[in-house]
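S.K.: Quick one: structure below, then a few questions.
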Amino acid sequence: MRKGMLLTISAPSGTGKSTLINMLMEKHPEFSFSVSYTTRSPRQGEVEGKDYFFTQREKFLSLKDQGFFAEWAEVHGNFYGTPRQKVLDALESGQSLIFDIDVQGASQLKKNLNTGLFLFIFPPSLKVLEKRLVNRGTDDLETIKKRIHNAKQEISLSHMFDFWLINDDLGQAFAQLEALVSAEKMRPVYKPDLPKTVLNNTWSQDHE
């Protein structure tokens, strides 16, 4: 039985991370997002257990103190967290999970789960990143300056990741991402029963 892969991807805003993740999930449907816990209220159309596990603030903090989460963060006054055991159970059952997460969250995942592929995506340069942020037209100048500042901090922490990738050309970057995923799947941890399977299928049985 093949175990699932945990793929964690981090990158500064505007680097093209979401585009690459969407391309990967479209071509490789075995990947899915893990379902997080949150203390915010459900938005219209969101489904309990599918989009999030919605919980009260007190319950979330209690779970956090018990070490329930593989990673957690407070964003705009609400808490978000990834349930550690649910992730491990999903991987054990053969489900592959992808995490689109910031550097701090990736650091927590790596420390608490100690498994998977951790990838950091770079822009070609800060100048190119700034141009991309300006061209997409979703942020004002002050927000763009803040994103560039955050990008410098994130890049300074990129040493904790297993692999680095530069998204200069989208097609080339996606090909490299696929190559990394393919290579990762060859690790013994993802198919621990392979030696037994090979040994049980003898040469004479296969070639009669």
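Each value in this text was obtained by applying a stated rule to the coordinates, not by laboratory testing. Since we're looking at a predicted model, the values are computed, not measured. Every residue, glycine among them, receives a Cβ derived from its backbone with ideal geometry; neighbour counts consider all protein chains shown.
S.K.: Filter the chain for me: DSSP H helices, axial length by Cα at least 18 angstrom, mean Kyte-Doolittle hydropathy not below 0.0. List them by residue number. The partial results should precede the final answer.
M.R.: Values: long enough: 141-156 (23 Å, -0.99); 170-184 (21 Å, 0.69).
Passing helices, by number: 170-184.
S.K.: Let's test the formula: R0 of 25 Å, r as the Cβ-Cβ distance of VAL189 and PHE33. What FRET efficiency results, to the nearest 0.05?
M.R.: 0.70
S.K.: Once the Cα gyration tensor of the stretch 28-107 is found, what semi-axes does its equivalent ellipsoid get, as square roots of 5 times the eigenvalues, in whole Å, sorted largest first? Walk me through the intermediate numbers first.
M.R.: On the way: eigenvalues 83, 48, 32 Å².
Square roots of five times the eigenvalues give 20, 16, 13 Å.
S.K.: Moving on to the next point. Name the residue farthest towards the positive end of the dipole of the stretch 35-186 from the options PHE174, LEU117, GLY81, assuming +1 on Cβ of Lys and Arg, -1 on Cβ of Asp and Glu, about the Cα centre.
M.R.: After comparing all options, I get GLY81.
S.K.: Mind jotting down the distance between the C-alpha centroids of the stretch 118-191 and the stretch 51-93, whole Å?
M.R.: 25
S.K.: About the Cα centre of the chain, what is the dipole size in debye to 20, counting +1 per Lys and Arg Cβ and -1 per Asp and Glu Cβ, all else neutral? Don't jump to the answer; show the numbers that get you there.
M.R.: Numbers: 26 positive and 26 negative charges, 84 e Å.
With Lys and Arg at +1 and Asp and Glu at -1, about 400 debye.
S.K.: Next up: Taking the chain as a Gaussian network, Cα atoms linked when under 10 Å apart, which of SER96, SER125, SER107 shows the biggest mean-square fluctuation?
M.R.: SER125
S.K.: Can I ask one more? Enumerate the amide H contacts of LEU97 below 5 Å, restricted to partners 5 or more residues apart or on another chain; note that Pro and chain-start residues carry no placed amide H.
M.R.: MET5, LEU6, LEU7, SER32
S.K.: Name the long-range amide H neighbours of PHE53: under 5 Å, sequence gap of 5 or more, or other chain; modelled H, no Pro or chain starts.
M.R.: Amide H to amide H, under 5 Å and 5 or more residues apart or across chains, PHE53 pairs with SER36, TYR37, THR38.
S.K.: HN-Hα J couplings of the stretch 190-200 from phi, Karplus 6.51/-1.76/1.60, θ = phi - 60°, integer Hz, Gly and Pro as x?
M.R.: 7, 9, x, 8, 4, x, 4, 4, 5, 5, 7
S.K.: Just the number, please: Stokes-Einstein D of the stretch 117-208 in µm²/s, Kirkwood Rh from C-alpha pairs, 37 °C, 0.692 mPa s.
M.R.: On the way: Rh = 16.8 Å.
The Stokes-Einstein estimate is 195 µm²/s.
S.K.: Something else: Calculated FRET efficiency, SER18 and ASN201, Cβ-Cβ r, R0 45 Å, to nearest 0.05? Write down the numbers at each step before the final one.
M.R.: Values: r = 43 Å, r/R0 = 0.95.
That gives a FRET efficiency of 0.60.
S.K.: Same structure, new question: So if each residue of separation counts as 0.36 nm, and I subtract the Cα-Cα distance between SER182 and ASP162, what length gain in nm does that give? Let's see the in-between values first.
M.R.: Details: separation 20, 0.36 × 20 = 7.20 nm, distance 1.48 nm.
Once the chain is fully extended between SER182 and ASP162, it gains 5.7 nm.
S.K.: What are the radius of gyration and Dmax of the chain, computed over its Cα atoms and given in Å?
M.R.: Cα radius of gyration and Dmax of the chain are 19.7, 72 Å respectively.
S.K.: For the pair LYS131/GLN66, report the inter-label distance in nm, with labels modelled 7 Å from Cα in the Cβ direction.
M.R.: Each label point is offset 7 Å from its Cα along the Cβ direction, giving 5.2 nm.
S.K.: Okay, moving on. Within the stretch 19-39, list the residues whose amide N lies under 18 Å from a label point set 7 Å along Cα→Cβ of GLU58.
M.R.: Those under the cut-off are 38-39.
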